[in-house]
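The values are calculated or read from the model by the stated rules, or taken from the named source; none is laboratory data. Nothing here was measured: the structure is a model prediction, and the numbers come from that model. Positions of Cβ are generated from backbone atoms using ideal geometry, with glycine treated the same way; all protein chains shown enter the neighbour counts. The accessibility values were calculated without ligands, DNA or RNA, using every heavy atom of the protein model including side chains. Shrake-Rupley method; radii C 1.70, N 1.55, O 1.52, S 1.80 Å.
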Amino acid sequence: MVTDQARHPVLGVSTLVRRDESVLLVRRGKAPLRDTWAFPGGLVEFGESLSEAAAREVMEETGVSVAIGGIIDHAEIVIRDEKGSPVRHYVLAVFEGAWLHGEPAAGDDAAEARWVDARHLREFQKTPDTERILRRLFGDSPSPDPAS
């Protein structure tokens, strides 16, 4: 049974962090989308600005300090039960962030965190929105090529 609280979208953030030719990715350690790679992110806390939440989530999940830029995209994740009825709904503001210092180490909800060279993005199974945003920004296919 879906509670009244679960019937409202939950606000979250994620951040595309670049350093030179690399992108910071985390392997999700929890549902939804466990074991897929994504930009670091999480839920916005009450009273926290979106950009504060974005910087905090990058630090909590990776140990990397970033300067948060503007919103570059958004994502919606609707989790459905076996009958197709929605049970959770997440709305994410996706920011761009500039690396300041620190090397990635998995923390909080992340099972793994690492810099991925843009030339190797196709080797990682990514969440649909991470894949979509990387395709738009890099203009090529960062997903695995079944022909290779």
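Of all residues in segment 10-20, one or more are surrounded by fewer than 16 Cβ atoms within 10 Å (Cβ to Cβ) and more than 23 Å from residue 111 (Cα to Cα). Within segment 104-116, the only residue that satisfies the criterion of being surrounded by fewer than 17 Cβ atoms within 10 Å (Cβ to Cβ), touching an Asp or Glu at 6+ places or on another chain (Cβ under 9 Å) and in a strand (DSSP E or B) is 111. Remark: residue 140 matches the filter, which requires a residue to be within 21 Å of residue 75 (Cβ to Cβ), modelled with pLDDT under 95 and open to solvent by 70 Å² or more (accessible area, probe 1.4 Å). None of 57, 45 is open to solvent by less than 70 Å² (accessible area, probe 1.4 Å) and either closer than 22 Å to residue 89 by Cβ or of a type in the set (Ser, Thr, Tyr) (or both) except 57. Restricting attention to segment 18-48, the residues being within 10 Å of the chain's Cα centre (by Cα), of a type outside the set (D, E, K, R) and assigned to a strand (DSSP E or B) number 7. Considering only residues in segment 118-128 that are open to solvent by 40 Å² or more (accessible area, probe 1.4 Å) and touching a residue at least 40 places away in the same chain (Cβ under 8 Å), the one that is farthest from residue 14 (Cα to Cα) turns out to be 119.
Residues checked against (1) buried (at least 21 other Cβ atoms within 10 Å of the Cβ); (2) over 16 Å from residue 127 (Cβ atoms); (3) at pLDDT 95 or above:
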site	(1), (2), (3)
24	yes, no, yes
37	yes, no, yes
64	yes, yes, yes
78	no, no, no
102	no, yes, yes
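Contact map, segment 42-63: first residue farther than 12 Å from residue 113 by Cβ, second residue among the basic types (Lys, Arg) and part of a helix (DSSP H, G or I), Cβ cut-off under 9 Å, separation 6 or more or different chains; pairs are 42/56; 45/56; 48/56. Here segment 66-76 is the region considered, the condition is being within 15 Å of the chain's Cα centre (by Cα) and either of a type in the set (A, V, I, L, M) or open to solvent by less than 50 Å² (accessible area, probe 1.4 Å) (or both), and the residue that is nearest to residue 10 (Cα to Cα) is 75.
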